[in-house]
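Enquirer: Let me give you the structure first, and then I'll get to my questions.
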C-alpha cells in the first residue's frame, strides 16, 4: 500500500477497468487469478502512467467495485441498505496485507453502508 498511497487516481484508466465485462455479470460470481494476470495486468501495463498512479487507480477500482457489488446485492434482494448496517465483512487473502487498501475499503463501506470491515 505504500506505493499506491503516494499516487493519484487516473480517471481514464479507472474508467477502462470499471468497464470490464465481468462487472456486468449478475451475482453470485467469483474471480480466478487469471482475471488479474490476463485482463487487469495488461491494462495497467499498457497505460504509460506512473506506477504509483497505476496502483492508486487499481486500489480505487477495487473499492468502487466492492461497493458496487454490495449495492447490487441490496438491490437484487430488494432490501433497504439499513438492513446491512453494522454488518461486518471479513477481508481475506493477500490484499489483507495492504493497509492502504484496507483503509480505503473501510472508509467507503462504512460511509455508504455502515458496514464494518475487518481482517484476520
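Enquirer: Please give the number of the condition residue 104 fails out of (1) under 21 Å from residue 6 (Cα atoms); (2) part of a loop (DSSP other than H, G, I, E, B).
Expert: (2)
Enquirer: Out of segment 69-95, which residues are out of contact with any helix residue (DSSP H, G or I) (no Cβ under 7 Å at 6 or more places or on another chain) and in a helix (DSSP H, G or I)?
Expert: Answer for segment 69-95, where residues must be out of contact with any helix residue (DSSP H, G or I) (no Cβ under 7 Å at 6 or more places or on another chain) and in a helix (DSSP H, G or I): 69, 71, 72, 73, 75, 76, 82, 83, 94.
Enquirer: I'm trying to understand the selection: among the residues of segment 13-64, which are in a helix (DSSP H, G or I), touching a residue at least 12 places away in the same chain (Cβ under 8 Å) and over 19 Å from residue 105 (Cα atoms)?
Expert: Of everything in segment 13-64, those that are in a helix (DSSP H, G or I), touching a residue at least 12 places away in the same chain (Cβ under 8 Å) and over 19 Å from residue 105 (Cα atoms) turn out to be 13, 16, 22, 35, 39, 40, 43, 44, 51.
Enquirer: Quick check on my filter: what residues within segment 34-44 are at pLDDT 85 or above and under 23 Å from residue 3 (Cβ atoms)?
Expert: Selection gives 35, 36, 37, 38, 39, 40, 41, 42, 43.
For every residue, the table says whether it meets (1) loosely packed, with under 10 Cβ neighbours inside 10 Å; (2) closer than 18 Å to residue 118 by Cα.
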site: 14; (1), (2): no, no
site: 17; (1), (2): no, no
site: 22; (1), (2): no, no
site: 34; (1), (2): yes, no
site: 58; (1), (2): no, no
site: 74; (1), (2): no, no
site: 81; (1), (2): no, no
site: 91; (1), (2): no, yes
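The values are calculated or read from the model by the stated rules, or taken from the named source; none is laboratory data. Everything numeric here is computed off the predicted structure, so don't read it as measured data. Positions of Cβ are backbone-derived with ideal geometry, glycine not excepted, and every protein chain shown enters the neighbour counts.
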